[in-house]
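Worksheet for the structure shown next.
The values are calculated or read from the model by the stated rules, or taken from the named source; none is laboratory data. Since the model is a prediction, treat every value here as computed from it, not as a measurement. Cβ placement follows ideal geometry from the backbone for every residue including glycine, while neighbour counts extend to all protein chains displayed. What goes into the accessible areas is simple: the full protein's heavy atoms, side chains included, and nothing from ligands, DNA or RNA. Shrake-Rupley method; radii C 1.70, N 1.55, O 1.52, S 1.80 Å.
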Amino acid sequence: MLNKLWLNISSAPHRSLFLAGALQGIFTLTWWVYDLAGRYALLGSFSVWSIAPTWSHAFLMIYCFFPFFIFGFLFTTYPNWLNGKKISKNVYMTTCLLMVVGVALFYTGLIHGQWLSILGVTAILGGFISAFRALQLVLIQAKGQDRRHAIVTSTALLMGCLGIAAYLLWLLTEAQLLLDFSRHAGIWFFLMPILLAVSHRMIPFFSSRVLDNYVIVRPYWILWIMLACTVAHGLLQLMQLLQYLWLSDFLLALCALYLSIRWGLLRSFQVSLLAVLHIAFAWLSVSMLLFGLQSLVFMQTETETWILGMAPLHALAIGYFASMVLGMASRVTIGHSGRPLVLDRFTWQLFIGFQATAAIRVLPELIPAIGQFAPALYLIAGLIWLTCFTLWAIRYIPIYWRPRIDGKPG
């Protein structure tokens, strides 16, 4: 029985990595909700961790949650994009196991000593390097294929490796510059370029498969502009020139809005499996608009006045990153299990719950009248996200250890 389960889980890259990502999502959200409840004295008492919870939360989300789904997706799509050899079982299982062990050690270290977390980050870095090498080899060997999206994602994965290495060195040295690089690089040089490249390639393609008389609009010039704006934002943040972020952020917001319109955001509601991707992408323009407005405030004042707080970041991380990753993961899981490409009503409702999470987390910092209830609303947002994600995991996890319903391999 166990042998059969293992064979099914390891039969395709997305199975083991999505399974681990689903479990890690539950763990990290549970830990964060527990910490918030104690911190705001809403439930339980304040806990002391070996690493500051804010920076633990950032690392767990950036490098220990999204990457499981990203690697599961890229290990599946790279050979298709580039007409290359499939990623071997040894590679994707090594990546998955290193990251799972690393995450387990990181959590253990938060309670029992930072040295265990250091070992965990080292193992996670090993998993990233394993994945990067395998995907880079497919890219290098590609002949006569359009490699532009793959080049973007491979470059971003390299920056992800550097971001984890910086976090590891920060744990060893406590040098603030290393921590700043790790968190900003993780968002702007790692996650954003990958999600932009995947969105640019896949959203118009998926749309063309299900919408009648659909014309694919996928200009590369706008992708390069958006990537340049992303890199500029990250560099300006690292240099603490927050008052100039609007120069890149408003342009990126405008580009994202243009693509949302041209890709058919409103038409996408005809097919819920497509709509989840379009809705997720729409959050990008909203979040970058908020970042730009925050930057203009910095420019008008001599001191950093965070009138929008963390609203722009959570609109980006929950609204765009999390929604897009879960939308893509749902699609891959459904399609590669031999099921019809239809999003069931239950999953659609859970996706709406993700959007509610983003809205509830953002609104207290946008509407002063409800700002006094911010701690309670933050906790409510966390609980909604945890509930919806747990239900999503319960719905999809069994698919990863069962064979395809059409009898095909993979």
Share of accessible surface on carbon and sulfur in region 253-315, whole %, 1.4 Å probe and ligands ignored, is 70
With every protein chain kept in place and a 1.4 Å probe, the residues 365, 174 fall, from largest accessible area down, as 174, 365
What the Cα atoms of the chain span along the principal axes, largest first and in whole Å, is 61, 53, 41
On the accessible surface of region 135-194, probed at 1.4 Å with all protein chains in place, carbon and sulfur together account for a percent value of 65
Computed over region 104-176, the relative contact order (Cα-Cα under 8 Å, seq sep at least six) in percent reads 30
With all protein chains in place and a 1.4 Å probe, residue 235 shows an accessible area in Å² (nearest 10) of 80
Expressed in square angstrom to the nearest 10, the accessible area of residue 318 with a 1.4 Å probe stands at 10
Across the alpha-carbon set of region 92-197, Rg over Rh with Rh taken as the Kirkwood radius works out to 1.04
Once residue 136 and residue 370 are pulled to full extension, the length gained, defined as 0.36 nm per residue separation minus their Cα-Cα distance, is 79.4 nm
Taking the chain and counting helices only, DSSP H stretches of n ≥ 4 at -39,500 (n - 2.57) each over all residues, the nearest-500 ellipticity at 222 nm comes to -25000 deg cm²/dmol
Carbon and sulfur atoms account, in whole percent of the 1.4 Å probe accessible area of region 320-392, for 74
Over all pairs of different Cα atoms in region 272-410, the reciprocal of the mean inverse distance gives a Kirkwood radius in Å of 16.6
Taking only the alpha-carbon positions of region 349-410 as identical scatterers, the Debye log10 I(q)/I(0) at q = 0.14 Å⁻¹ comes out as -0.52
Checked against the positive end of the charge dipole of the chain (+1 on Cβ of Lys and Arg, -1 on Cβ of Asp and Glu, about the Cα centre), the farthest of 119, 214, 169 is 214
Taking a crude spin-label model, label points 7 Å out from Cα along the C-beta direction, the residue 394 to residue 224 distance in nm is 5.0
Magnitude of the Cβ-charge dipole (Lys and Arg +1, Asp and Glu -1) of region 274-410 about the Cα centre, nearest 20 debye, reported as 820
Computed over the chain, the relative contact order (Cα-Cα under 8 Å, seq sep at least six) in percent reads 16
Taking max minus min of the Cα coordinates of region 1-118 on each principal axis, largest first, gives extents in Å of 53, 34, 27
Over the chain, with neighbouring protein chains present, the accessible area per residue in Å² at probe 1.4 Å is 42
Quick calc, region 31-146, dipole around Cα centre from Cβ unit charges on Lys, Arg (+) and Asp, Glu (-), nearest 20 debye, gives 380
Taking 241, 139 and ranking on accessible area (1.4 Å, protein atoms only), highest first, one gets 241, 139
Its Cα gyration tensor gives region 201-331 an equivalent ellipsoid whose semi-axes in whole Å, largest first, are 30, 15, 11
If unit charges are put on Cβ atoms (+1 for Lys and Arg, -1 for Asp and Glu) and the dipole of the chain is taken about its Cα centre, the option from 312, 184, 278 lying farthest towards the positive end turns out to be 278
Cα extents of region 259-320 per principal axis, largest first, Å, are 48, 21, 10
The relative contact order of region 125-273, taking Cα pairs under 8 Å that sit 6 or more residues apart, comes to a percentage of 19
Given unit charges at Cβ for Lys, Arg (+) and Asp, Glu (-), the dipole magnitude of region 196-313 about its Cα centre in debye, nearest 20, is 540
